[in-house]
Amino acid sequence: MPGNKIYPHYSYPLHAIPGLASDVLLGRRRDFRRDARLCSTRLKPPLRVYGGENIPQSGACVLTFNHYYRPGFKAWWLALGIASVVPVDMHWIVTGELTFPGRWYAPLGRPISRWLLKRVSHIYGFTTMPPMPPRPRDVEARARAVLEALSYVQHTDHTCLGLAPEGGDNPGGGLSWPASGTGRFGLLLAGCGLRFVPLGAFEAQGEFCLQFGTAYELRVPRGLSPDEKDHQAAKIIMQNIAQQLPARLRGEFDVR
C-alpha cells in the first residue's frame, strides 16, 4: 500500500447490486439510509464514531463535513458512513458531474457521469450541484440548485441536510476554501432555521472515522458587505469542521 500505510477495507453487498442497477435504470425510488447501512456493515474494521452524543436525532440542521481525499478512497463513502449512523433520513446535496481532471477518458466520462448521477440522485431524492471548481457556464444551474435546496427546506419539516462545502477533492487531503457563494448559501439555510453540525471524516490507525461536533447557529456580524458576509460565513463553517479533524487535515483552518 502507498507509504506502507494500513487502510480500512471497503466493500459492497454484492447481492444488492442487481437491484440497485435495476432501480437506476427504471427510476424506482430507494432508501439511501438502508443502503448505507448495508455497505457500512461490510467495513473492516467497523466504522469508528467519535462525538456520538452530537449526532442529530431530528432534523432542522445542516450536517457539514470535509471532502476527505486520498488516492484510492471513494468519496461516496463519506455519505455512506454518515447516513449509516444518523438516525434520520437526510437530504444530500451532491455533485452532478465528475470531471476527471487530467484523465484521457474525461471527454467520455463527464457525460456518462452526468447521466448516472442524475439517475442516482432521482432514486434517492438528492439535490445535485454543478461540479467544482465553478465553471462560468454553470452559474444558472448552480442558482437553480440553490433554489431547489431552499425550497426543499422550506417545504419539508425537520430537514437534515448533508453538505460537503468544498465540493471536490483537494489533492493534499487537507481542508481547502470552498467556492465563492458557499457562505452565502449557508446563511440562507441558517435563515430557514437550520443549525449547523460540523463533522470530520478521516482515516486513522487503519479505521474509517467520523467525528461529530457540537451544533451551532451560523451568524456573522452586521454591517458587512455581501462578499464579506460570504467569506466570514464560509470561514466559520470550515473552522468548525477543522476542529473535528486531525491536525494534518485542517489546512489553513487550524485555529489552535
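No value in this document is a laboratory result; all are computed from the given coordinates. The structure presented is a predicted model; accordingly, all values stated were derived computationally and were not measured. With ideal geometry, Cβ positions are generated from the backbone for all residues, glycine too; neighbour counts draw on all protein chains shown.
The P(r) of the range 1-94 has a tail past 23 Å containing 32 percent of all C-alpha pairs.
Bridges between two residues of the chain, per DSSP, are antiparallel at a rate of about 30%. Positive end of the dipole of the chain (Cβ unit charges, origin at the Cα centre): among Thr156, Ser225, Leu14, the Cα lying farthest that way belongs to Leu14.
Loop-only check: which GluC sites (Glu not before Pro) in the range 169-221 are DSSP coil with at most 14 other Cβ within 10 angstrom? For GluC sites (Glu not before Pro) across the range 169-221 that sit outside H, G, I, E and B with at most 14 neighbouring Cβ atoms in 10 Å, the list reads Glu217. The smallest convex shape that holds all Cα atoms of the range 2-253, its convex hull, gives 139 Å³ per residue. Positive end of the dipole of the range 2-253 (Cβ unit charges, origin at the Cα centre): among His91, Leu63, Thr128, the Cα lying farthest that way belongs to Thr128.
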